[in-house]
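What follows is a set of notes on a single structure, which appears directly below.
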Amino acid sequence: MNDPFTLSFGKKPLQYISRISQTNQILETFRSDVPSTQIFMITGVRGSGKTVMMTSIASELKKDDSWIVIELNPARDLLQSLAAKIYSLPDMHTRFLNARLDFSAFSLGVSVENTAPVTDIENVLELMLEQIKKSGKRLLVTVDEVTPSEYIRIFASSFQIFFVRISPFSC
C-alpha cells in the first residue's frame, strides 16, 4: 500500500495539509497598497510543506498581470541572476531599451549609443526596479533552501538598500 504522506520534496504530496490562513495572510500583505512587511521567511522542519506553500503563493501572484515572479537559486550569484531574469522578460527588456539603459557591461544586452554603460550590479538592479515601479508592476522574488552563504549576505544587504529607495517588490 502506498503511503499518501511519503514525501517527495518540493512536490505537493497526495495528502497535503494546506495552510490557507498563512497563505492568505502573506498574499493579502503583499497585495496591499502599503504592505506591512515586504519579506516573509517560511521556516519549518524538513518536509513540512515550506516549498509547496511558497510555490502556491508564487503561482497565485503569477496569475495577476501586475506581478512579476522571479525564482532564484541560492547557490548562484543572486544579484546577477535577478538582473538577468528581469532583463529576459520581454516587457521589461523593451522598457529598458526605451529608457536607453545600457547594461552591456553585464552581458545583459547591447550598448546604447551615446550612453555610458552601467557597471555596478546594484546600480543595474536599482534602474531595473525603478522601471518595474514605473510600469505599475510589483516583483516577487522567491529563494528556496536558503542557507547562510556569501551570496545570501550580499543579496540581503543590497535589498535592504533597495527597500529604502524603491519598493516595487516582495521576497
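If you go through the stretch 66-92 one residue at a time, how many are over 16 Å from I154 (Cβ atoms) and free of Cβ contacts under 8 Å to residues at least 12 places away in the same chain? Before the answer, list the steps.
We begin by selecting, within the stretch 66-92, every residue over 16 Å from I154 (Cβ atoms); these are 66-71, 85-92.
Remaining after also requiring free of Cβ contacts under 8 Å to residues at least 12 places away in the same chain: 88, 90.
Final tally of qualifying residues: 2.
Restricting the stretch 143-171 to residues that are within 16 Å of A84 (Cβ to Cβ) and among the hydroxyl-bearing types (S, T, Y), which is modelled with the lowest pLDDT?
So, considering only residues that are within 16 Å of A84 (Cβ to Cβ) and among the hydroxyl-bearing types (S, T, Y), the one modelled with the lowest pLDDT is S158.
Taking helices (runs of 4 or more DSSP H) that fall entirely within the stretch 15-123, which contain at least 1 residues that are under 17 Å from T142 (Cα atoms), hydroxyl-bearing (S, T, Y) and modelled with pLDDT of 90 or more? Before you say what the answer is, go through the steps one by one.
Values: elements: 20-31, 50-62, 78-87, 90-98.
Once the helices (runs of 4 or more DSSP H) in the stretch 15-123 are filtered for at least 1 residues that are under 17 Å from T142 (Cα atoms), hydroxyl-bearing (S, T, Y) and modelled with pLDDT of 90 or more, what remains is 20-31, 50-62, 78-87.
I need a count of the residues in the stretch 54-80 that are under 11 Å from the mean Cα position of the chain (by Cα) and closer than 23 Å to I26 by Cβ.
Total meeting the criteria: 9.
The values are calculated or read from the model by the stated rules, or taken from the named source; none is laboratory data. Just so it is clear, the structure is predicted and the values come from calculations on it, not from any experiment. Every residue, glycine among them, receives a Cβ derived from its backbone with ideal geometry; neighbour counts consider all protein chains shown.
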